[in-house]
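Novice: The structure that follows is given in the form of structure tokens.
The values are calculated or read from the model by the stated rules, or taken from the named source; none is laboratory data. On a predicted model such as this, the values are computed, not experimentally measured, just so you know. For neighbour counting, all protein chains shown are included, and Cβ atoms are generated from backbone atoms with ideal geometry for every residue, glycine included. Accessible surface areas use protein heavy atoms only, side chains included; no ligands, DNA or RNA. Shrake-Rupley method; radii C 1.70, N 1.55, O 1.52, S 1.80 Å.
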Amino acid sequence: LRGGVAGGSILHGVLRVGQEIEIRPGIISRASGGVKCVPLFSRILSLFAEQNDLQFAVPGGLIGVGTLIDPTLTRADRLVGQVLGSVGHLPQIFTEIEVSYYLLRRLLGVKTTEGEKQGKVQKLAKGEILMLNIGSTSTGGRIQAVRADLAKILLTAPVCTSEKEKIALSRRIDKHWRLIGWGEINKGVTLEPSTA
């Protein structure tokens, strides 16, 4: 019986066989008292790149990380958007972020009828729902407050990321999510991971 395999790209640092690892935000549960995140802890059993068995892995390319985690937690892309790394060295888990954002002047990929100007990107509005791409995570976000080029966004699901991280903003237009701008996380409200 083998554990689950997590796949992805290493952003920085080195992973070694036998290393103790943590996966954040881990298992997310919504209780009456709000959102709770329980990170997953495990050990690296094996490392794979294509067909090669590795002893350690460095940034570049896709890596399969064999762990002791229950395979039901790793199958069917359930770990998409999670961050894996050394215990105690991972970024914070954010539930709300404040971003400096920049909007595109015109919408991309939207058909325009002959002679019609391409659609302008409307300003962000309070209470609006956007889709945010943060690292490999796609999550929804409700705008709490907006002024000039700053927006405060409440995330629908907690995200493990860091300040100064670049994000993409998309808005629902004609039943499709369309890229409307990008931004950078300035600060946010973090969530302390639970132990169980």
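Novice: Tell me which label goes with the value of Cα Rg over 2.2 N^0.38 Å computed from the coordinates here: (1) 1.34; (2) 1.18; (3) 1.73.
Specialist: (2)
Novice: Here is a further query. Nearest 20 debye, what's the magnitude of the dipole of the chain about its Cα centre given +1 on Lys and Arg Cβ and -1 on Asp and Glu Cβ?
Specialist: Computed about the Cα centre, the dipole is about 780 debye.
Novice: Net charge near LEU155, counting Lys/Arg +1 and Asp/Glu -1 over other residues with Cβ under 15 Å of its Cβ?
Specialist: On the way: positive: ARG24, ARG30, LYS36, ARG142, LYS152, LYS187; negative: GLU96, GLU98, GLU128, GLU163, GLU165.
My count for the surroundings of LEU155 gives +1.
Novice: Continuing with this model, one more query. At 1.4 Å probe size, what's the solvent-accessible area of VAL14? Round to the nearest 10 Å².
Specialist: 60 Å²
Novice: Using Cα springs under 10 Å in a Gaussian network model of the chain, which residue among ALA31, ALA157, ALA148 shows the largest mean-square fluctuation?
Specialist: Looking only at ALA31, ALA157, ALA148, the biggest GNM fluctuation is shown by ALA31.
Novice: Let me ask you something else. Which residue, PHE56, LEU132, VAL80, has the largest displacement toward the positive end of the dipole of the chain when charges sit on each Cβ (Lys, Arg +1; Asp, Glu -1)?
Specialist: So the residue furthest toward the plus end is LEU132.
Novice: Output ³J(HN,Hα) for the range 163-177: one whole-Hz value per residue in order, computed from phi by the Karplus curve 6.51 cos²θ - 1.76 cosθ + 1.60 with θ = phi - 60°, and x for Gly and Pro.
Specialist: 5, 6, 6, 7, 10, 10, 10, 10, 10, 7, 10, 6, 6, 10, 7
Novice: Which whole-Hz couplings ³J(HN,Hα) result when phi for each residue of the range 67-72 is put into the Karplus expression 6.51 cos²θ - 1.76 cosθ + 1.60, θ = phi - 60°, listed in order with x for Gly and Pro?
Specialist: 10, 9, 5, 3, x, 5
Novice: May I ask you to list the GluC sites (Glu not before Pro) in the range 1-81 that are in a DSSP loop and have at most 10 other Cβ atoms within 10 Å of their Cβ?
Specialist: Working: sites: GLU20, GLU22, GLU50; in loops: GLU50.
Here the sparse-neighbourhood loop sites are GLU50.
Novice: Under 1.5 on a/c is rounded, so check that first for the range 1-109, then, if it is not, pick prolate when a/b is larger than b/c and oblate when it is not; a ≥ b ≥ c are the square roots of the alpha carbon gyration tensor eigenvalues.
Specialist: Because a/c hits 1.5 or more and a/b fails to exceed b/c, the range 1-109 counts as oblate.
Novice: Still on this structure: Under the rule of at least 5 residues apart or a separate chain, name every residue whose amide H is placed under 5 Å from the amide H of GLU165.
Specialist: Under 5 Å from the amide H of GLU165 lie the amide H atoms of ILE185, each far enough along the sequence or on another chain.
Novice: Report, by chain and number, residues whose modeled amide H sits under 5 Å from the one on ILE180, excluding near sequence neighbours (fewer than 5 apart, same chain).
Specialist: Close amide H contacts, sequence-distant or interchain: LEU169, SER170, ARG171.
Novice: Further question on the same structure: So how far apart, in nm, are the two label points at GLN144 and LYS164 if each is 7 Å from Cα heading toward Cβ?
Specialist: In this crude spin-label approximation the distance works out to 2.4 nm.
Novice: If you add up the charges near ILE143, with Lys and Arg at +1 and Asp and Glu at -1, over every other residue whose beta carbon is less than 15 angstrom from its beta carbon, what do you get?
Specialist: After counting each charged neighbour, the total is +3.
Novice: Let me check something: with ligands and nucleic acids excluded, how do ARG147, ARG142 order by accessible area (1.4 Å probe), largest to smallest?
Specialist: Greatest to least solvent exposure: ARG147, ARG142.
Novice: So, one more: How much length is gained if the chain between LEU154 and ASP77 is pulled fully straight, taking 0.36 nm per residue apart and subtracting their Cα-Cα distance, in nm to one decimal?
Specialist: So the chain would gain 25.3 nm between LEU154 and ASP77.
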